[in-house]
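**Q** Structure in structure tokens, see below.
The values are calculated or read from the model by the stated rules, or taken from the named source; none is laboratory data. Nothing here was measured: the structure is a model prediction, and the numbers come from that model. No Cβ is skipped: glycine too gets one built from the backbone with ideal geometry, and neighbour counts run over all protein chains shown.
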Amino acid sequence: MDLLIKNATLPDGQTGMDIACGKGVIVAVERGIDAEAKKVIDAAGQLISPPFVDPHFHMDATLSLGNPRMNTSGTLLEGIALWGELKPVQSIDEIVARALRYCDLAVSMGIGAIRSHVDICDDALTGVQALLEVRNQVSHYLDLQLVAFPQDGIFRDPTAMQNLTRALDMGVDVVGGIPHFERTMQDGADSVKTLCEIAADRGLMVDMHCDESDDPLSRHVETLAYETTRLDMQGRVAGSHLTSMHSMDNYYVSKLIPLMVEAELRVIPNPLINIMLQARHDNYPKRRGQTRVPELKAAGLTIGFGSDCVMDPWYSLGKADMLDVAHMGLHVGQLSSRADMMWCFDAVTKNSAKIMGLDGYGLEVGCKANMVLLQAKDPIEAIRLRATRLKVIRAGKVICQTPPTLSALSIDGRPAQVNPADYAPKPE
Ligand code: FE2
């Protein structure tokens, strides 16, 4: 046995559980495991979870804040203009360096897998070359999945289609799109059809920025669901953002959601970015702009929350904290019942893993020994505290650790599972 974790609480509420790992996989999950192990971790009743999974990110832009200048207005439009200034002047090496720094941060925050869009509207495919290199370099500690993303529109940008084909030939994993950004509704619908057909031909998944708009008539999700079913791609297609659903007519939504269920469409809201950027044209009352998470969840759709941006032209904040993302999604979606709050934890862990199609994800016997030990007693407390990631485990080895924090007060007013001796000065 390589690793034995003692007395952990699992996300489903089971307490006092031991987890034994060998050869990079989980070999036993039960109480009272009594076996020799090279390393033993006393979880002291704290929550252990499979790693956080970020199903929507832009790694080609991350950590570029201030480069070549700041987004002074903080708006989406200035962000797009800024990205247009940065894209032609950034080198492969610069993107690789920033992305690797972000991956280090993400791993320290317990993230084990990221789906990143990469802009292919650049004839040099600088971002694609950089992130393929990064995917390769981080593969032993982070699963990175890349989406070929035509930021300027697959039809609207004159060379986007050939660049998308080149990117997929180079090994990008997933087909992306941005139908609401094409010139017309018809072009948007045609782009969905064309891109889904490309994915079907190549046996790839699809993940489109879809209807990231407050326009209630932005209905490309309908075409996305239709094409998914027509091409027999159920469960392999995701709609990211889907914010126009917030503003749609209720009667239309009552027809739309069953179509999405039929297509087993995956849904990826990005709570931090959606609440920040949507409804900028509204007076008061202002719409929230997040898609209809409670209704989509009640219909049985798989929903994963994404972080979208960290310190880039669009969003100056963020720290690779998927509990921050869950916290915002919970508030914006008014997901405040105990069951809904527990579900928000799933939305940044197992739901997102399912969307990405990750193999061996979970805490069952036979799963990969990838885990994060949190300074919290259950998933709700983890979200409340944005709990400290005490230990990050990959393939049965501790690859990162953070000391417990005294500010993590539990409900009885005492620091949550903190041993003050941890803070005593250590002899030299
Ligand atoms: Fe995005």
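**Q** Among ASP60, ASP104, ASP157, which is charged (D, E, K, R) and within 16 Å of the ligand (Cβ to nearest atom)? So that I can check it myself, show each step before the final result.
**A** On the way: ASP104 fails: within 16 Å of the ligand (Cβ to nearest atom); ASP157 fails: within 16 Å of the ligand (Cβ to nearest atom).
That would be ASP60, the only listed residue that is charged (D, E, K, R) and within 16 Å of the ligand (Cβ to nearest atom).
**Q** Are there any pairs with C-beta distances below 9 angstrom linking a residue in segment 223-235 that is on the phi > 0 side of the Ramachandran plot to a residue that is in a loop (DSSP other than H, G, I, E, B), with the two at least 6 apart or on different chains, and if so which?
**A** Listed by first residue and then by second, the contacts come to GLY235/ALA263; GLY235/GLU264; GLY235/LEU265; GLY235/THR302; GLY235/GLY357.
**Q** Can you spot a residue in segment 265-283 that is away from the ligand (no atom under 16 Å from the Cβ) and in a helix (DSSP H, G or I)?
**A** Of the residues in segment 265-283, the ones away from the ligand (no atom under 16 Å from the Cβ) are 265, 279-283.
Among the residues that remain, those that are also in a helix (DSSP H, G or I) are: none.
No, segment 265-283 has no match at all.
**Q** Hey, among ASP143, ASP123, ASP152, ASP157, which residue is touching a residue at least 60 places away in the same chain (Cβ under 8 Å), assigned by TED's automatic domain parsing to the domain that holds PHE345 and either out of contact with any Leu (no Cβ under 9 Å at 6 or more places or on another chain) or crowded, with 20+ Cβ neighbours inside 10 Å (or both)?
**A** Values: ASP123 fails: touching a residue at least 60 places away in the same chain (Cβ under 8 Å); ASP152 fails: touching a residue at least 60 places away in the same chain (Cβ under 8 Å); ASP157 fails: touching a residue at least 60 places away in the same chain (Cβ under 8 Å).
Being touching a residue at least 60 places away in the same chain (Cβ under 8 Å), assigned by TED's automatic domain parsing to the domain that holds PHE345 and either out of contact with any Leu (no Cβ under 9 Å at 6 or more places or on another chain) or crowded, with 20+ Cβ neighbours inside 10 Å (or both) holds for just one of ASP143, ASP123, ASP152, ASP157, which is ASP143.
**Q** Only residues that are in contact with a Gly (Cβ under 9 Å, 6 or more places away or on another chain) and not in a helix (DSSP H, G or I): list them for segment 90-113, please.
**A** GLN90
**Q** Would segment 303-315 turn up any residue that is within 15 Å of the ligand (Cβ to nearest atom), of a type in the set (D, E, K, R) and part of a loop (DSSP other than H, G, I, E, B)?
**A** Yes, that holds for at least one residue.
**Q** Of the residues LEU323, LEU317, LEU277, which is buried (at least 17 other Cβ atoms within 10 Å of the Cβ) and modelled with pLDDT of 95 or more? First the steps, then the outcome.
**A** Working: LEU317 fails: buried (at least 17 other Cβ atoms within 10 Å of the Cβ); LEU277 fails: modelled with pLDDT of 95 or more.
It is LEU323.
**Q** Hey, does segment 111-118 have a residue that's surrounded by fewer than 21 Cβ atoms within 10 Å (Cβ to Cβ) and at pLDDT 95 or above? Before you say what the answer is, go through the steps one by one.
**A** First, the residues of segment 111-118 that are surrounded by fewer than 21 Cβ atoms within 10 Å (Cβ to Cβ): none.
So far as segment 111-118 goes, no, none of its residues is surrounded by fewer than 21 Cβ atoms within 10 Å (Cβ to Cβ) and at pLDDT 95 or above.
**Q** Does segment 239-249 include one or more residues that are closer than 22 Å to SER336 by Cβ, surrounded by fewer than 19 Cβ atoms within 10 Å (Cβ to Cβ), within 23 Å of the chain's Cα centre (by Cα) and away from the ligand (no atom under 16 Å from the Cβ)?
**A** no
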